[in-house]
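J.: One structure follows; several queries about it will come next.
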Amino acid sequence: MASLEREAAEAAIGQVLQEHWQGAASSPPGLQAFAHDVYNLLVRGASDVQVERHLRAVERDDLHQPELGAQNLEPVLRSLRTIERSI
């Protein structure tokens with residue numbers, strides 16, 4: 001499998017996040033920064049728990065949507081791990 005360049009990987013991560021947060025906003029402000037942060041977590045070998053904690057903090061603190069915490073992040077984590085394998 002070809003290795004994704006950072007920009008392409010961050011775009012793919014951004015797409016996953018946008019799909020997950022679709023109900024929160026059409027395009028959450030700061031989406032590129034969130035994708036960049038998640039990219040950095042993935043390349044540093046962050047665990048699923050670490051990635052989930054980060055996403056929950058974004059939902060609560062940046063998107064001001066703490067109710068999103070009730071959503072299952074398992075599909076998001078699976079998608080992010082698929083992207084990670086291409087990095």
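Quick note: the coordinates plus some simple rules give every number you see, no bench work behind them. Please read all numbers here as calculations on a predicted model, not as lab measurements. Virtual Cβ from ideal backbone geometry, glycine too; neighbours counted across all protein chains shown.
J.: So, LEU42, is that one surrounded by 13 or more Cβ atoms within 10 Å (Cβ to Cβ), of a type in the set (A, V, I, L, M, F, W, C), in contact with an Asp or Glu (Cβ under 7 Å, 6 or more places away or on another chain) and part of a helix (DSSP H, G or I) or not?
T.: Against the criterion (surrounded by 13 or more Cβ atoms within 10 Å (Cβ to Cβ), of a type in the set (A, V, I, L, M, F, W, C), in contact with an Asp or Glu (Cβ under 7 Å, 6 or more places away or on another chain) and part of a helix (DSSP H, G or I)), LEU42 qualifies.
J.: Okay, moving on. The conditions are (1) touching a Ser or Thr at 6+ places or on another chain (Cβ under 8 Å); (2) part of a loop (DSSP other than H, G, I, E, B), and GLN18 fails exactly one of them. Which is it?
T.: With (1) touching a Ser or Thr at 6+ places or on another chain (Cβ under 8 Å); (2) part of a loop (DSSP other than H, G, I, E, B) applied to GLN18, the lone miss is (2).
J.: Moving on. Is it the case, given these coordinates, that GLU19 is among the charged types (D, E, K, R) and more than 12 Å from the chain's Cα centre (by Cα)?
T.: For GLU19, the condition - among the charged types (D, E, K, R) and more than 12 Å from the chain's Cα centre (by Cα) - is not met.
J.: Separate question: Kindly evaluate GLU10 against the criterion of being surrounded by 17 or more Cβ atoms within 10 Å (Cβ to Cβ) and among the acidic types (Asp, Glu).
T.: yes
J.: Oh, and also: Could you list, in sequence order, all residues of the stretch 67-81 that are small (Gly, Ala, Ser) and either in contact with a His (Cβ under 8 Å, 6 or more places away or on another chain) or farther than 19 Å from GLU10 by Cα (or both)?
T.: Listed by number, the residues that qualify are GLY69, ALA70.
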